[in-house]
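Okay, so here's the structure we're looking at.
The values are calculated or read from the model by the stated rules, or taken from the named source; none is laboratory data. Everything quoted here is computed from the prediction, not taken from an experiment. Here the Cβ is made from the backbone with ideal geometry for all residues, glycine too, and neighbour counts use every protein chain on show.
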Amino acid sequence: MNTQLKLNKASMKEYTLITDLLIESAKWLKSKGSKQWNGILEGKDNHDTKSAIERGDVFYFTKGDALVGMCILWNKQSSWDQELWGVDKSDHYFYLHRLAINRHYSGQGIAMEILTEVEKYSKSKGKKEIRLDCIADNKVLNALYQDAGFNFFKTIYQHDAGEQIADFNLYKLDC
């Protein structure tokens, strides 16, 4: 696919598109034996995607007319972020959540392209860092973030994620 990746801010007209991509990703994760994102399959939305879209925190990515991925970039900490990172009331950081790739485009470097676009966008908004968490035992995901330039910050051990108790690695990328 030779088309340039385009970052789009989601509006409510893309809500179904975003939700469908999250469900597709959750089904794929489940097929791989992961319990991550299982809540989505049960109709739970602990990231309140609808409100995140209304606030302008949800982005989707296209190549030509094709949806290739999405993510949520919170400008303010969620309660989850506060649990993992500690409370920070500043607006110096974006908190990256729900990076999802359309399965038809997996293995094509889309995730890396999305992370590059997220970094450019964050710089344009004057952010100091992008912060994220991921399941510590997901070697592929941890490698992706490290390859994209994110620096390991620390591991939070045996954290109750609602869907499972797990270890989470925290990463940050200077902007």
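Quick notes on this one:
- When each of Lys50, Lys13, Lys30 is tested for being over 22 Å from Lys154 (Cβ atoms), out of contact with any helix residue (DSSP H, G or I) (no Cβ under 7 Å at 6 or more places or on another chain) and not aromatic (Phe, Trp, Tyr), the lone residue that passes is Lys13.
- Residues of region 145-175 classified as out of contact with any strand residue (DSSP E or B) (no Cβ under 9 Å at 6 or more places or on another chain) and modelled with pLDDT of 90 or more, total: 1
- Every residue from region 96-115 that is touching an Asp or Glu at 6+ places or on another chain (Cβ under 9 Å) and assigned to a loop (DSSP other than H, G, I, E, B): Asn102
- The residue of region 80-107 that is surrounded by the fewest Cβ atoms within 10 Å (Cβ to Cβ), among those that are in contact (Cβ under 8 Å) with a residue 60 or more places away in the chain, under 20 Å from Lys27 (Cβ atoms) and not hydrophobic (A, V, I, L, M, F, W, C), is Arg103.
- For region 11-44, residues that are out of contact with any strand residue (DSSP E or B) (no Cβ under 7 Å at 6 or more places or on another chain) and either touching a residue at least 12 places away in the same chain (Cβ under 8 Å) or charged (D, E, K, R) (or both) total 22.
- The set of residues in region 45-79 that are over 22 Å from Ala111 (Cα atoms) and touching a residue at least 40 places away in the same chain (Cβ under 8 Å) comprises Asn46, Glu54.
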